[in-house]
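First the structure, in the form of structure tokens, and then the observations on it.
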Amino acid sequence: KKSTSYNSRKDADEIVYTLEHCPGRKSEKYSPGPTYVEPHLLVLCKSAEPEGNKISYFGTLNDLYAWYHSITSNPENNTAVIKAKAEEITAGVTGDLEKVKKIFYWMHDNIRYIAFEDGLAGFKPQKADEVLRKKYGDCKGMAHLTKEFLKALGFDARLCWIGTNHIAYDYSTPSLAVDNHMIAALIYQGKTYFLDATENYIGFNEYAERIQGRQVLIEDGEKFIFTKVPSTTYQQNLDLEKSVMTINGAALEGTVTREWKGEEKENIFASLNSIKKENSRDAFIRYLSNGSNNISIADFTTSSLTDYDKPLSASYKLKNNNAVSAFGNEMYIDIDARKDLSDFTFDINTRNMDYLFTYKLNTQVEVQLAVPADYNVTTIPQPVDVKNDDYEFFASVTKSTNKLVYSKRIIVKNIRLSKARFQQWNKDIEKLKAFYNEQVVLTKK
């Protein structure tokens, strides 16, 4: 309810909003941001007319940008220090985009993200040379330093204001509440590249889910460029596994190759860099074995763990003990040790909010299993093939000469799964789980 009254003592109109009979909401992980789902008021400060003199605040997007520009147009940086460091970082690099990548990845490795937003500091970037000196900054400070590094090398780099997908609003609502993030943009040979220095370990020209498709303001002097960050499909975030296996007693053993791209790769890099380097190899192996004591890994090698511009890959020998059970003339084989999403269901009676995946999923698994010459394949699981606008589940086992081929695809195309879809999701997960539980059977000839 809304009511308005005049307070003669204060000589002011008082507006009161009252919300009644609104139950408290239990916090639920992986939910849309509060502006999507919470009852709230958004107060827009458009203008005022004290004593008949109009003062404009944020009546239009032009007003909003004008204020942003006013607090960022005179940064008072120590340009000599920044230029010297930029040249040091890119020493020996000749290609333009290679120089940009050097700066971008140096920011990932050397500037720590720490958000401290007090008063005007919530909007005005710290001086770039101060961020460089301290080796930390918030998103504004990191974007500012990225921009100034590139400008020092002669590139057209600019600040950008953006609201992540945590916020329901866009720039059709001119308010300080519509954006919560700052990045940098490089305009090079007619193309715009966005550089988010807070997204450690993501590749150049790859974009995190939280900013994909979001409106962005790029500084352009007294004006601005209004555009969107490109959206990418699930194909950016590849998690690929290929195996060639044989049966050895009660075990499956063989060689495995893995490849990760996009935010799958970023997650692994972030995890590895969050622990001591001397422990990172063991941690990586535990991750690949799903923490199972039945799985052992040997001859483990990876691609570079410091080259964020390329896919991350690994190869190793794997032995999965207790994957084969023998009874009389029959062998029962559990090919898939991963069983992705097998327990990922929703309690539709207790969860109230839609579910928000961190990013789109693209899991691809292929296992080639040699069939012993003295055995026939007598039972294989019925394939699963689920397709809709939000996700796809596919899994099958096929027979060919002297081998079985196990194939699986887990794809999430839409990161927001509505509560109305939970029941169907649960049914589809049960299909996938039933497939996992149905073993391959070999019978001795």
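Starting from 0 in steps of 5 Å, tell me what percent of the Cα-Cα pairs of segment 33-80 lands in each bin.
With a bin width of 5 Å, the distribution comes to 5, 15, 14, 15, 15, 14, 10, 7, 3, 1.
Would you calculate the separation in nanometres between label points at residue 347 and residue 27, each defined as 7 Å from the Cα along the Cα-to-beta-carbon direction?
1.8 nm
Taking a quarter of the surface of the convex hull around the Cα atoms of the chain, what do you get in nm²?
29.0 nm²
Which whole-percent values make up P(r) of segment 142-193 when all C-alpha to C-alpha distances are grouped in 5 Å steps starting at zero?
With a bin width of 5 Å, the distribution comes to 5, 21, 22, 17, 16, 13, 6, 1.
Given the DSSP H assignment, sum -39500 (n - 2.57) over each helix run of at least 4 residues in the chain and divide by its residue total; what's the result at 222 nm in deg cm²/dmol, nearest 500?
Taken over the chain, the calculation gives -7000 deg cm²/dmol.
Treat each spin label as a single point 7 Å out from the Cα along the C-beta direction, and report the residue 170 to residue 319 distance in nm.
In this crude spin-label approximation the distance works out to 5.7 nm.
Starting from the Cα of residue 248, move 7 Å in the Cα-to-Cβ direction to define the label point; list residues of segment 280-314 whose amide nitrogen is under 16 Å from there.
Those under the cut-off are 294-300.
What FRET efficiency comes out for residue 17 versus residue 37 if R0 is 30 angstrom and r is the Cβ-Cβ distance? Round to the nearest 0.05.
Result of the calculation: an efficiency of 0.95.
Please build a GNM for the chain, connecting alpha carbons under 10 Å apart, and tell me which residue among 63, 138, 374 fluctuates the most.
374
Can you give the extra length, in nm with one decimal, that the chain gains between residue 307 and residue 109 once fully stretched, where that is 0.36 nm per residue apart less the Cα-Cα distance?
Length gained between residue 307 and residue 109: 70.2 nm.
Using only the alpha-carbon atoms of segment 386-429, report the extent along each of the three principal axes, biggest first, to the nearest angstrom.
The principal-axis extents, from largest down, are 45, 18, 10 Å.
Quick check: the angle from helix 96-110's long axis to the longest principal axis of the chain, C-alpha only, nearest 10 degrees?
Compared with the principal axis, the helix lies near 90 degrees.
Using packing as a proxy for protection, rank 162-171, 323-332 so that the peptide with the highest average count of other Cβ atoms within 10 Å comes first.
Ranked by mean Cβ neighbours within 10 Å, highest first: 162-171, 323-332.
Compute and list, largest first, the equivalent-ellipsoid semi-axes of segment 286-445 from the alpha carbon gyration tensor, each √(5λ) rounded to a whole angstrom.
Calculated on Cα positions only, the semi-axes equal 31, 23, 14 Å.
Taking the highest mean first, how do the peptides 75-81, 359-365 order by number of other beta carbon atoms within 10 angstrom per residue?
359-365, 75-81
So if each residue of separation counts as 0.36 nm, and I subtract the Cα-Cα distance between residue 70 and residue 136, what length gain in nm does that give?
Residue separation times 0.36 nm, minus the Cα-Cα distance, leaves 21.3 nm.
Using only Cα atoms, tell me the angle between helix 262-272 and the longest principal axis of the chain; keep it within 0 to 90° and round to the nearest 10.
The angle comes out at about 90 degrees.
Could you give the angle, 0 to 90 degrees to the nearest 10, between helix 61-72's Cα long axis and the longest principal axis of the Cα atoms of the chain?
Roughly 90 degrees, rounded to the nearest 10.
How large is Rg over Rh for segment 160-240, taking Rg from the Cα atoms and Rh as the Kirkwood inverse mean of 1/r across Cα pairs?
0.97
Rg/Rh for segment 361-445 to two decimals, with Rh computed the Kirkwood way over all alpha-carbon pairs.
On the Cα set of segment 361-445, Rg over Rh gives 1.09.
Of the cross-linked pairs 29/277; 339/433; 277/339; 265/431; 102/310, which ones have a Cα-Cα span greater than 19 Å in the structure shown?
Violating the 19 Å Cα-Cα cut-off are 29/277; 277/339; 265/431.
Grab the beta carbon distance between residue 357 and residue 55, set R0 = 45 Å, and tell me the FRET efficiency rounded to 0.05.
0.50
How much FRET efficiency would the formula 1/(1 + (r/R0)^6) give for residue 226 and residue 366, where r is the Cβ-Cβ distance and R0 is 35 Å, rounded to 0.05?
With a Förster radius of 35 Å, E is 0.20.
Between the alpha-carbon centers of segment 324-361 and segment 64-124, tell me the distance in whole angstrom.
Their Cα centres are 44 Å away from one another.
Rounded, prolate or oblate for segment 1-125? Axes are the square roots of the Cα gyration tensor eigenvalues, ordered a ≥ b ≥ c, and the cut-off for rounded is a/c under 1.5.
Oblate, since a/c reaches 1.5 and b/c is not below a/b.
Which three numbers, in whole Å and largest first, are the semi-axes of the equivalent ellipsoid of segment 65-116 derived from its Cα gyration tensor as √(5λ)?
25, 15, 12
What translational diffusion coefficient, to the nearest whole µm²/s, does segment 295-364 have by Stokes-Einstein, given a Kirkwood radius computed over alpha-carbon pairs, a temperature of 4 °C and 1.567 mPa s viscosity?
Estimated via Stokes-Einstein, D reaches 76 µm²/s.
When the chain is modelled as a GNM with alpha-carbon springs shorter than 10 Å, which of 218, 55, 411 fluctuates the most?
The residue that fluctuates most here is 55.
Over the alpha carbons of segment 140-296, what is the largest minus smallest coordinate on each principal axis, giving the biggest first in Å?
Rounded to whole Å, the extents work out to 73, 34, 29 Å.
Every number in this text was worked out from the coordinates using simple rules, so none of it is lab data. Please read these numbers as outputs of a predicted model, since none were measured by experiment. Heads up, the Cβs are rebuilt from the backbone with ideal geometry, glycines too, and the neighbour counts pull from every protein chain shown.
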